[in-house]
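Structure first, commentary second.
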Amino acid sequence: MNHEEVKVRRGPRSGLALIVAVHSRALGPAAGGIRLRRYPDWRDGLADALRLSEAMTLKNAAAGLDFGGGKSVIALEPGTSLTPELREAALLDLGEMIDSFGGSYFGGPDVGTGPDDMVVVRRATSRVFCLPAEHGGTGSSSVPTAAGVFAAVRAGARHVFGTADLVGRTVVVSGLGSVGGLVARHVSEAGARVLVSDVDPAKRTGEFEWVEPAKALRTPADILVPAAVGGVLPAELVPELSVPLIVGPANNQLTEDSVAGGLAARGIVWVPDFVASAGGAVYVLLREVEGLSHTAAMSRVESIGDTVSAVLTAARDNGTTPLTEALARASARLTP
């Protein structure tokens with residue numbers, strides 16, 4: 001394990017397994033979301049926290065932010081009913097755990113939590129971001145995250161197709177959560193034909209063309225946008241892909257780094273997820289820590305497109321992969 005600090009404890013109020021993983025504070029205090037999710041075993045939650053906190057280090061470094069990477073997990077056990085009372089207890093437990101880091105780790109919303117939950121967490125610690133506006137925060141980070149992904153999609157399209165224009169392009173969005181749904185609307189408004197998929201059939205509203213989840217990643221298209229869970233791109237899937245560009249907000253999309261080489265060998269351009277998904281972190285940290293205006297922070301979010309262009313150009317010119325170049329970009333800031 002190459003993490004700086006990891007704490008695991010049983011919540012005194014909730015009885016749930018709580019995990020806070022700090023991967024790096026080389027650039028400043030660690031920052032990363034609070035994930036509340038059901039796991040087969042609490043150790044699966046620990047593995048999630050370790051992977052995601054490392055990804056946050058890379059995300060913040062590559063985006064030019066003076067923050068390290070961390071992640072919190074509230075591991076809900078199989079068969080446990082998440083009542084409002086248990087939810088509140090778990091959030092307070094985690095808030096106390098975050099506070100024990102003394103300001104070297106800050107939390108925010110992630111899968112399973114939102115701005116209203118951060119109000120509860122703040123009762124136990126001030127080290128929390130993204131509270132609702134009426135409580136002095138910036139609210140949900142979904143909008144800037146989706147804006148950053150859209151900028152990354154356009155930059156990727158310019159690199160692959162010679163133009164950022166999406167008119168007539170076919171885009172598959174796999175995962176219609178708060179970010180995926182917004183990305184689908186962005187690319188649709190830009191003139192693309194949009195196919196969507198989600199494991200929740202209730203998301204099939206008729207707004208976009210639907211493709212079954214089992215077929216989504218293999219559907220022929222111009223652009224694939226993974227916007228759900230991580231680990232969706234294993235080596236065995238690479239030969240079955242029928243898309244020249246992959247760019248999306250899902251964290252840890254590759255099951256292992258070597259998949260990046262397999263994608264490149266097939267001529268598939270994959271934009272590293274920690275670059276494409278940085279919009280939320282950029283916006284929130286610039287607004288809530290550095291005090292930038294909404295307009296100035298969103299301008300920085302839009303610059304994710306420039307970062308993507310630089311990474312893809314370097315990979316082409318150096319004969320490497322976008323992952324190699326993105327990691328080098330992050331490492332240059334992390335190395336003294």
**OP:** May I ask you to list the residues in the range 99-109 that are crowded, with 22+ Cβ neighbours inside 10 Å and of a type outside the set (A, V, I, L, M, F, W, C)?
**Re:** 105, 107, 108, 109
**OP:** Could you grab me the full set of residues in the range 281-329 that are under 30 Å from residue 264 (Cα atoms) and of a type in the set (Lys, Arg)?
**Re:** 300, 316, 329
Original post:
Restricting attention to the range 284-311, which residues are more than 20 Å from residue 273 (Cα to Cα), of a type in the set (D, E, K, R) and surrounded by fewer than 16 Cβ atoms within 10 Å (Cβ to Cβ)?
Top reply: 290
Original post:
Got at least one residue in the range 65-76 being outside any strand (DSSP E or B) and among the small types (Gly, Ala, Ser)?
Top reply: no
**OP:** Would you tally the residues in the range 317-330 being more than 12 Å from residue 278 (Cβ to Cβ), in a helix (DSSP H, G or I) and in contact (Cβ under 8 Å) with a residue 60 or more places away in the chain?
**Re:** 4
Original post:
Taking the stated definitions as given, is residue 267 touching a residue at least 60 places away in the same chain (Cβ under 8 Å) and not assigned by TED's automatic domain parsing to the domain that holds residue 30?
Top reply: no
**OP:** Please specify each residue of the range 118-136 satisfying the condition of being under 22 Å from residue 12 (Cα atoms) and surrounded by fewer than 23 Cβ atoms within 10 Å (Cβ to Cβ).
**Re:** 119, 120, 122, 123, 124, 125, 126, 127
Original post:
Is it true that residue 225 is touching a Pro at 6+ places or on another chain (Cβ under 6 Å), surrounded by 12 or more Cβ atoms within 10 Å (Cβ to Cβ) and closer than 24 Å to residue 145 by Cβ?
Top reply: no
Original post:
Taking the range 92-117 only, how many residues are within 21 Å of the chain's Cα centre (by Cα) and free of Cβ contacts under 8 Å to residues at least 60 places away in the same chain?
Top reply: 3
**OP:** Assess whether residue 275 counts as being crowded, with 20+ Cβ neighbours inside 10 Å and either closer than 22 Å to residue 25 by Cα or not assigned by TED's automatic domain parsing to the domain that holds residue 178 (or both).
**Re:** yes
Original post:
Do we find that residue 285 is assigned by TED's automatic domain parsing to the domain that holds residue 163, assigned to a helix (DSSP H, G or I) and farther than 20 Å from residue 161 by Cβ in this structure?
Top reply: yes
**OP:** Only residues in the range 1-30 that are without any contact (Cβ under 8 Å) to a residue 60 or more places away in the chain count as the first member; pair them with residues that are of a type in the set (Ser, Thr, Tyr) and not in a strand (DSSP E or B), Cβ under 8 angstrom, at least 6 apart or cross-chain, and list the lot.
**Re:** 3/53; 21/53; 23/53; 23/57
Subject >> Looking only at the range 69-98, and only at residues there that are of a type in the set (S, T, N, Q) and farther than 29 Å from residue 54 by Cβ, the one that is surrounded by the fewest Cβ atoms within 10 Å (Cβ to Cβ) >> reply: 81
Original post:
If the Cβ limit is 7 Å and pairs must be 6+ apart or interchain, which residue in the range 66-82 that is modelled with pLDDT under 95 pairs with which residue that is surrounded by 14 or more Cβ atoms within 10 Å (Cβ to Cβ) and charged (D, E, K, R)?
Top reply: 78/38
Original post:
Name the helices (runs of 4 or more DSSP H) wholly within the range 85-197 that hold at least 1 residues that are over 15 Å from residue 74 (Cβ atoms) and polar (S, T, N, Q)?
Top reply: 142-161, 178-189
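The values are calculated or read from the model by the stated rules, or taken from the named source; none is laboratory data. Note that the coordinates shown come from a computational prediction; the quantities given were computed from them, not determined experimentally. Note that each Cβ is placed from the backbone with ideal geometry, even for glycine, and that neighbours are counted across all protein chains shown.
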